[in-house]
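Read the structure below first, then the notes.
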Amino acid sequence: MEPNPDPTVVLHACLGVGHLIPMVELAKLFVRRGIPVVIAIPTPPASAAGFFAASSSAVADIVAANPSIAFHNLPPPDYPNPDPDPFLQMLDVLRLTVPLLLAFLRSLPSVAALVLDLFCIDSLDAAAESGVPAYIYYTSSAGDLAAFLHLPHYFATTERNFKDMGKAPLRFPGARGVLVNTYEWLEAKAVSALREGVCVPDRPTPPVYCIGPLIVKGAAAAAEGDRHACLPWLDVQPERSVVFICFGSLGAVSAAQLKAIAHGLENSGHRFLWVVRTPPDDPAKFFMPRPPPDLDALLPEGFLQRTRDRGMVLKMWAPQVEVLRHAATGAFMTHCGWNSVLEAGSAGVPMLCWPQYAEQRLNKVFVVEEMKAGVVMEGYDKELVKADEVEKKVRLVLESEEGEKLRERLALAKEKAAEALADSGSSQTAFTEFLKDLKLSK
């Protein structure tokens, strides 16, 4: 029997929006090369529907917005007794989905490779049982990957623990080979360490493929009537005059913090575009669905009226890529999710770093200390970032010589990102090398 001349690449994503979006952008690379690709998406069981409710809705929107990409919804696994910890609940669902993924792989005529989101690591078993080569797609930075891969060696060679180290940043060498959503110029040190294999001593290091920045391109050439309301508002603002505040799809701050941000923005005198989300009832459950915010109740009395000529407040969401690429946007107050960092870097916008969860504190260190593309919002790791700090940092980025230096650095990052994605750029070349390893180069 002749082998299938066009084997399929299967991408396996978790349900986190920040992970699925870059997975879709990776799928587009295969489509542009004429290579069959399908994204296998887990389906949460009814017993875990509460945790996955917000993600499931967003996933449906992403699928609808990408008709050129094939998606396959895996059946829900049996999960009668969900773990009370929501994060462990997510990992359980992904682990229990492995047999369902294996059945899907075996149903396909020919599979070239299985590319896994970092949270889907248990699915390496499905790849091994089906005889399919597996790769990890790391949707955060190469520096984060280096740090996490080095942790086992680090703890094996030290008696210290994280508590003993306080706030001192960890300095780690590199790790093993994967697809990474970054570009070589941006993280030259981490990429070099990864490729030299110094993170995992005495073990072979497979290739590292830096294929980013893979980010949503935005609604280019959309009809005027289809544009989000904030974009025409930005059109009439002066160039680089607006600070954009958005903490991602899961970002959450307290009601008291919302008021402090409002006071700081008002006192700064600068223009702003602010995405406000309802604070969670339980700060530990920031990932659970929340209703739209009641702005009159959450923001200081009279704030919206006093700032109506220089500010816009949006509920829950904004078209972040379009906002960052707009000429009026001069600064970005961000939670430092890696997608947001890449989007800001590719748009040339300085960052005011306010990390909240996951690996965002590591990203903050990279942005501020190595990339030199942002400043820290002091107090982010305490109960409250004060209004004076918000005012100070907004003024620093938009008014000062230090802010101008940040913009110069970001202009270079923007240029290098475009170069990496060009036909002969480093990221396109890395993706071609990856395809050669799979014998799929076209």
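General remarks:
- Each helix, a run of at least 4 DSSP H residues, gives -39500 (n - 2.57); summed and divided by the residues of the chain, these come to -12500 deg cm²/dmol at 222 nm.
- Computed extension length for LYS372-ASP437: 19.9 nm, one decimal, from 0.36 nm per residue of separation with the Cα-Cα distance subtracted.
- Across the chain, Cα pairs under 8 Å and at least six residues apart give a relative contact order of 14 percent.
- Listed by chain and number, the lysines placed with their C-alpha closer than 23 angstrom to that of LYS416 are LYS28, LYS189, LYS217, LYS364, LYS372, LYS405; residues fewer than eight positions away on the same chain are left out.
- Bridging of LYS436 to aspartates and glutamates at a Cα separation below 17 Å is possible for ASP6, ASP423, once same-chain residues fewer than 8 apart are set aside.
- In the elastic network of the chain, a GNM with C-alpha springs shorter than 10 Å, the most mobile of GLY16, GLY337, GLY348 is GLY16.
- Dipole magnitude of the chain, debye to nearest 20 (Cβ charges: Lys/Arg +1, Asp/Glu -1, about Cα centre): 480 debye
- Most mobile of VAL341, VAL313, VAL397 in a GNM of the chain (Cα contacts under 10 Å): VAL313
- Based on protein heavy atoms only, the chain ends up with 46 Å² per residue of surface accessible to a 1.4 Å probe.
- Mean Cβ count within 10 Å, highest first, over the residues of peptides 269-278, 69-78: 269-278, 69-78
- For the chain, the convex hull drawn through the C-alpha positions has a volume of 157 cubic angstrom per residue.
- A straight Cα-to-Cα reach below 22 Å connects LYS259 with the lysines LYS285, LYS315, LYS382, LYS386, LYS392, LYS393, residues fewer than 8 places away in its own chain not being considered.
The values are calculated or read from the model by the stated rules, or taken from the named source; none is laboratory data. Remember, predicted model here, so these are calculated numbers, not experimental data. Cβ sites come from the backbone with ideal geometry, for glycine too, and all protein chains shown count toward neighbours. Please note that ligands, DNA and RNA were not included when accessible areas were found on the heavy atoms of the full protein model with its side chains. Shrake-Rupley method; radii C 1.70, N 1.55, O 1.52, S 1.80 Å.
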